[in-house]
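Chemist: Got a structure for you, questions after.
Read the figures in this text as sums done on the coordinates, not as results from a lab. Keep in mind that this is a model prediction, so the values were computed, not measured. Backbone-built Cβ (ideal geometry, glycine too); neighbour counts: all protein chains shown.
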Amino acid sequence: EGILRAVGVMMQGGKRVQGASTITQQVAKNFLVGNEHSFDRKIREALISFRIESAYSKEKILDLYLNEIYLGLGN
């Protein structure tokens, strides 16, 4: 739902104004895909996310995410 909303907003304004990634997609981006800004990256992110979700539990995916993101001040 969020991805479709972000695409709709982008189509209307022609620029990125809001994020549209699930936690699994953010794990895929942080570990495997990289930070380039393109539709190609989003497609790769989505495909890898399906594979991650089939291999790991939601709890494990959340664990990976929380251990990877920057929480500030070395937390």
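Chemist: Please list 3J(HN,Hα) in residue order for region 42-51, calculated via the Karplus relation 6.51 cos²θ - 1.76 cosθ + 1.60 where θ = phi - 60°; whole Hz, with x for glycine and proline.
Modeler: 4, 5, 4, 4, 5, 5, 5, 4, 4, 5
Chemist: Run the quick spin-label model on PHE31 and ASN67: label points 7 Å from Cα toward the beta carbon, then report their separation in nm to one decimal.
Modeler: Calculated label separation equals 0.9 nm.
Chemist: Next question, about the same structure. With Cβ to Cβ distances under 12 Å as the rule, what net charge do the other residues near ALA28 carry (K, R +1; D, E -1)?
Modeler: +2
Chemist: Please list 22-33, 38-49, 58-69 highest first by mean number of surrounding beta-carbon atoms within 10 Å per residue.
Modeler: Ranked from most to least packed, the peptides come out as 22-33, 38-49, 58-69.
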